Amino acid sequence: MYRQHLLALGELTPIDRDRYNRDTRSLLAIFADLHRRGAIAVASIPEYWENHWDDLDDFVRAGVDGFEIANCAPKAIGFPDQARARVDALARQHDLLVVGGSDNHGWGKVTCLWNLARPSAHGYEANRVLVRPLVLLQGEWLPWTAPYTQGWFMLRSLSWPERVSWLTWILLVLIYRATPRREGDAPGLGILARSLKLRALLRRKPPPHA
């Protein structure tokens, strides 16, 4: 579709996407087409934020069923809080669905958000999005900084005992990786323990007499 990614939820037959890829006006026609096929359409980020920010009211009038307000992908993790609040208010005003997407295609192994659906509800009340706070912090930074800032945000969110535990394990792994092995020694923490014990003994060994 024209500069927009849509989540189409429902049983669908193939769609000729070229019909909706000419301009914004052609894009808006897809919502009615999806409804005729028994599906609902949710506009995803970062596309509507980057390409259609001034067209959101037109999306609503054309029949969009909801908006994605959080996404774990690096390119969408920088969605600012002020923009999210505007979209959430728009969805609430028109009783539209709000959802979050993990968009997990291999970047990390743990999702940054969860959707809590209420099957008996409709529109805005049908779903709640729970997002990890450290992801929301990224909205104040440039998206490309996420690989660097997320580690710092996570460390900053931990208690002091948790920070000490993390740093201790990182230090142990670094020492283990830097410890030379004798030929034939199998990998494992045993060689690290033996190496540390040997170093401690060498430090306590009295100097030779003259």
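FYI, it's all coordinate maths here, none of it is from the lab. Every value quoted in this text rests on a predicted model; they were computed, and no experiment measured them. Reconstructed Cβ throughout: ideal geometry from the backbone, glycine too, with neighbour counts over all protein chains shown.
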Report task. Only Lys, Arg, Asp and Glu count, each charged at its Cβ (+1, +1, -1, -1), so figure out the dipole size of segment 1-148 about its Cα centre, rounded to 20 debye. Result -> 280 debye
Query - Virtual spin-label span in nm between Lys75 and Asp57, 7 Å along Cα→Cβ - result: 2.9 nm
Query - Förster-model FRET efficiency, 41 Å R0, Ala178 and Trp114, C-beta, rounded to 0.05 - result: 0.55
Report summary line: FRET efficiency for Ile15 and Glu50 from the Cβ-Cβ distance with R0 = 22 Å, rounded to 0.05, comes out at 0.45
Report summary line: Two pseudo-spin positions, 7 Å from Cα along C-beta at Arg3 and at Tyr148, lie apart in nanometres by 2.9 nm
Query - Calculated FRET efficiency for the pair Ser157/Arg25, C-beta based, R₀ 41 Å, to 0.05 - result: 0.40
**Report entry** Global form of segment 45-133, assessed from the alpha-carbon gyration tensor, a/c cut-off 1.5
**Finding:** oblate
